[in-house]
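Before any comments, here is the structure.
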Amino acid sequence: MGQDASTSDAEAFAWFFTAEYGQVVRVLTVVLHERPAAEDLAQEAFVRLHLHWAKVSRYDRPEVWVRRVALNLAFSYRRREYRRRTLEAVATWPEVEPEWNPRVDHDDVIAAIRTLKPRERALIALFHMEDRPLDEVSDVLGMTPGAAKVALHRARRRLARRLTDTEVTP
Amino acid sequence: MTEDGRFDSRLAIALQESFAAPEMRETVAALELVLERSARRRRRRRVVLPAAIAAAVLATVGIVPWALGLFDDQRPTRNVETAAAPIVGEVWRRDVTGGGQKGWQGTWTLLLKPDGALVLSMPPGLRGVGTDGNSWRIEGSTLRVDAFVGGPCSDLPPGTYAWRRSGGALVLSVVQDTCQARAAVFDGPWSAVGANR
């Protein structure tokens, strides 16, 4: 009986992983500009999910939980890397530009997204790439829906200015 | 289509096409890695928790007699050899110039505390470079320091310097240090500022 439960848990986790891992990697790549780091941090988020699977799998939206953990890891990683690169630059080592290899040529849009702050990039990725509703986006980022709407509006306005000089509203 | 609609669709298409999801074989490999890492962490938890409890018990057993003064004859070991005593507990000062390291140039002070702690103060413009928890050790005429291991010298071994007194100054010459930033600070003459014992 216990064996059956744990087998079905393992299967459920494998299904969930297969469905969500790729999306989480994509969102983190938008935030970090670094595919290897995005993959590593996504895997770390899923390790934590696996350790808490018995509890989190009973949540209404475990996909929100894993994105929240993954993005928090990504934001911490960005801060750490920023500090490290600043120190290294001061201590004579040249600053290394992060890897950025978009598959298809959308240079202007991608370059504009790169100018946003990591949290804004996460907003754009969750809303425009993953097509998640705003209340879910705000839940992932630990913001109120109102704050998320304002932040998204600002991020879009900044992108629009860079791309077309046109005002837009979400 | 409205202006907003065109903008949304341009953004969505750029994101969709620029950021591909990993392929299925990569996803399966990642799943295996995640399960392995998770299992390893579970095993570590099983080992670490009892070990932590055992360590806490041992610490309590060790601390209580020490607190009661039962081990009075056991003095803490110090990093200082008799010959090195004159440079320990003294505050030394050095003006770092050149080396092309903007922010690192300026006045540094160095204190080798008798308990083995190394205290450095840095030029005011330099932020985020801490020396908390750093230490020194003298072996004969060699001084070993692990400054900046939490920052620009991370993953690098401690630096070793030959030390000698020359008049009122302490002269450090690099013996081996793979961290350029640390060598730029330590290598050279330091003048005495005063005692801080």
Which order do you get for A:LEU152, A:LEU73 if you rank them by accessible area with a 1.4 Å probe, largest at the top?
A:LEU73, A:LEU152
Order B:ARG10, A:ARG154 by their accessible area, 1.4 angstrom probe, all chains in place, largest first.
A:ARG154, B:ARG10
Tell me the accessible surface of B:ARG45 in square angstrom (1.4 angstrom probe, heavy atoms of protein chains only), to the nearest ten.
130
Given a 1.4 Å probe and heavy atoms of the protein chains only, how would you sort B:ILE13, B:ILE138, largest accessible area at the top?
B:ILE13, B:ILE138
Using only protein heavy atoms and a 1.4 Å probe, report how much of B:VAL119 is accessible, in Å² to the nearest 10.
60
Enter the accessible area of A:ASP107 (Å², nearest 10), with the probe set to 1.4 Å and all protein chains included.
90
Expected integer from the mean partner chain Cβ neighbour count at 10 Å over A:9-15 is 1
Buried accessible area between A and B, both sides, 1.4 Å probe, in Å² rounded to 100, is 4000
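The values are calculated or read from the model by the stated rules, or taken from the named source; none is laboratory data. Everything numeric here is computed off the predicted structure, so don't read it as measured data. Reconstructed Cβ throughout: ideal geometry from the backbone, glycine too, with neighbour counts over all protein chains shown. For accessibility, only protein heavy atoms count, side chains too; no ligands or nucleic acids. Shrake-Rupley method; radii C 1.70, N 1.55, O 1.52, S 1.80 Å.
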